Amino acid sequence: MSEPLVIIGNGMAALRLVEELTGRALGRYAIAVVGEEPRLAYNRVLLSSVLAREIAPAATELKSATWWRERGVTLLYGRSAVAIDADIRRVKLAGGATLPFGKLVLATGSKPIRLNVPGMDLPGVLTFRDLADVAAIAHAAEGRRKAVVIGGGLLGLEAAYGLSKAGAEVTVVHLMDRLMERQLDPRASMRLQTALQDRGIKVRLNADTKALLGRDRIEAVELFNGELIEADLVVVAAGIRPNVELARSADLAIGRGVMVDDQLQTSKAGIYAIGECAEHRGICYGLVEPAYQQAAVLAAHLAGAQAAYTGSVLATNLKVSGVNVFSAGDFIGAPGSEQIVLTDPGLNHYRKLVIANGRLTGAVLFGDTADGLWYLDLIRSGAPIAAFRDDMMFGRALAERSLPSDLAA
């Protein structure tokens, strides 16, 4: 008989786990996926495109219902798991039903951080995390032209881009001294800020939100420096925190996220966690690629293979507000490293490579990101770069053309 495997969470990490596991061990597990959102798994990376009305919500769907059925997966979406009894190996669902499990995987993702300031409960103050948020923002924005986005990280700029494309006058309020400080170095961040401003998006840096003001709905954002920014709509994108409430009900070890070992197993045997809810070696990853890598390792482990997750080299490769940006590895540069920078003011391109001990350790690209994945491969592999070091700044094609034929192959 197939062993019952319950996956709680129906997002991108859960789907990748099912895809990997059914490809390796189809029939070994009777898989049930429980998802709180009332829809099939979808691509969250495309939320800003939905908000900008560039694509329809249906275009974000990753796999059809037929795909899930063909793999024998029981899908329970639009259902909430409310508790885990690790002793009797059952998951309790809202409404009272329970699911037995032999193995359990938490892929519960994260929740948006809501600011601890007055006015957060005013109508017109929303978060930006899922398709329901996009629909709420689009509805709230109807007939309203002034939007403030609190948060100048990746998610905040995606929200700003979507609102701007939809016709709103947008101001980004960011606590830090530069945009996307976790993904870009100061030079690339400044170029991004200029590009946003050229597109009509205003930016306030070093801006700490004091209160959200209004009577019956949001009217303005007050900063600690005394500035008031008029707003018909406020979108809070000030970060995320791992969703660990369900893990607490099972008495699992929790730091920032659900703590896991190199096999993605939690503090209790047979219970695992992947994606944004998991904490591995003290790190919670908030990006899709580490979740996919964790899903691959866990699928191999559940299929009986030897596999270990040792961490991820973070990389960002996407289009923010119509501008291509890429970063990977130690793009700031640790002490003792060397930095090589190339700028092209005419094309508004910027490229920085960080080298240490004869290897590429970090990269930032702005504008032209075509070689980003090649740089990422070099960073992850730790391959020596001496043979093409002089040419690698100009991209893969030139670098490999300068190599002997046996090395280029």
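Things to note:
- The charge dipole of region 125-236, taken about the Cα centre with unit charges on the Cβ atoms of Lys, Arg (+1) and Asp, Glu (-1), comes to about 220 debye, rounded to the nearest 20.
- Most positive-pole-ward Cα, Leu378, Pro112, Thr74, against dipole of the chain from beta carbon charges: Thr74
- Within the chain, antiparallel bridges make up roughly 60 percent of the DSSP beta bridges whose residues both belong there.
- Amide H contacts under 5 Å for Asp368: Tyr350, restricted to partners 5 or more places along the chain or on a different chain, H placed in the peptide plane at 1.01 Å from N.
- Bridges between two residues of region 125-236, per DSSP, are antiparallel at a rate of about 35%.
- Tensor-based shape of region 293-353 (alpha-carbon gyration tensor, a/c under 1.5 rounded, otherwise prolate or oblate): oblate
- Sparsely packed trypsin sites (Lys or Arg not before Pro) within region 3-47, loop by DSSP, other Cβ within 10 Å at most 16: Arg28, Arg39
- For region 269-286, 3J(HN,Hα) computed residue by residue from phi via the Karplus equation (6.51, -1.76, 1.60; θ = phi - 60°) reads 4, x, 10, 10, 8, 9, x, 5, 7, 8, 10, 10, 6, x, 10, 10, 8, x Hz, glycine and proline entered as x.
- Proxy reagent accessibility, fewest Cβ within 10 Å first, across His301, His174, His280: His301, His280, His174
- Residue order, fewest to most surrounding Cβ atoms within 10 angstrom, among Ser249, Ser327, Ser2: Ser2, Ser249, Ser327
- Lysines with Cα under 26 Å of Lys146, excluding same-chain neighbours fewer than 8 positions away: Lys111, Lys165, Lys202, Lys210, Lys319
- Spatial offset of region 330-385 relative to region 1-49 amounts to 35 Å, using the alpha carbon center of each.
- Net charge over other residues, Cβ less than 15 angstrom from the Cβ of Val6 (K, R count +1; D, E count -1): +4
- The GNM of the chain, with springs linking C-alpha atoms under 10 angstrom apart, assigns the highest mean-square fluctuation among Ala399, Ala291, Ala247 to Ala399.
- The chain: calculated mean residue ellipticity at 222 nm from DSSP helix runs of at least 4, using -39500 (n - 2.57): -7000 deg cm²/dmol
- Packing-based exposure ordering (other Cβ within 10 Å, fewest first) of Thr361, Thr66, Thr98: Thr66, Thr98, Thr361
- Coil-residue GluC sites (Glu not before Pro) of region 60-168, DSSP, other Cβ within 10 Å capped at 11: Glu142
- Under 16 Å from the Cα of Lys92 - lysines, other chains or at least 8 residues apart: Lys103
- Derived scalar couplings between HN and Hα for region 213-224 equal 10, x, 9, 8, 7, 4, 10, 6, 10, 9, 9, 5 Hz in order, rounded to whole Hz, by the Karplus curve 6.51 cos²θ - 1.76 cosθ + 1.60 (θ = phi - 60°), x for Gly and Pro.
- Residue-count net charge about Lys103 - beta-carbon cut-off 10 Å; Lys, Arg +1, Asp, Glu -1: 0
- Relative contact order (percent, whole number), the chain, Cα cutoff 8 Å, 6+ residue spacing: 14 percent
- (1) 31.4, 114; (2) 21.2, 66; (3) 22.9, 71, with the label sought being that of the calculated Rg and Dmax of the Cα atoms in Å: (3)
- Result for the chain in a Gaussian network model with C-alpha springs under 10 Å: among Gly95, Gly35, Gly156, the largest mean-square fluctuation is at Gly95.
- Backbone amide hydrogens, once placed in the peptide plane, bring Gly214 within less than 5 Å of Glu219, excluding anything fewer than 5 places away on its chain.
- Once you divide the Cα radius of gyration of region 322-408 by 2.2 N^0.38 Å, the number left is 1.05.
- Of the DSSP H helices in the chain, those with a Cα length along their own long axis of 20 Å or more and a mean Kyte-Doolittle hydropathy reaching -0.5 comprise 288-302.
- Around the amide H of Val105, modelled in the peptide plane, lie the amide H atoms of Val6, Ile7, Ile8, Tyr272, all under 5 Å away and 5 or more residues distant in sequence or on another chain.
- Net charge dipole, region 348-392: roughly 200 debye, given to the nearest 20, about the Cα centre with Cβ charges of +1 for Lys and Arg and -1 for Asp and Glu.
- J(HN,Hα) series, region 226-233, from Karplus relation 6.51 cos²θ - 1.76 cosθ + 1.60, nearest Hz, glycine and proline x: x, 5, 10, 10, 4, 8, 8, 8
Values quoted throughout were computed directly from the atomic coordinates according to the rules given, and no laboratory measurement underlies them. Here the structure is a predicted model, which means the values were calculated and not measured. Glycine gets a Cβ as well: all are built from the backbone with ideal geometry, and neighbour counts include every protein chain shown.
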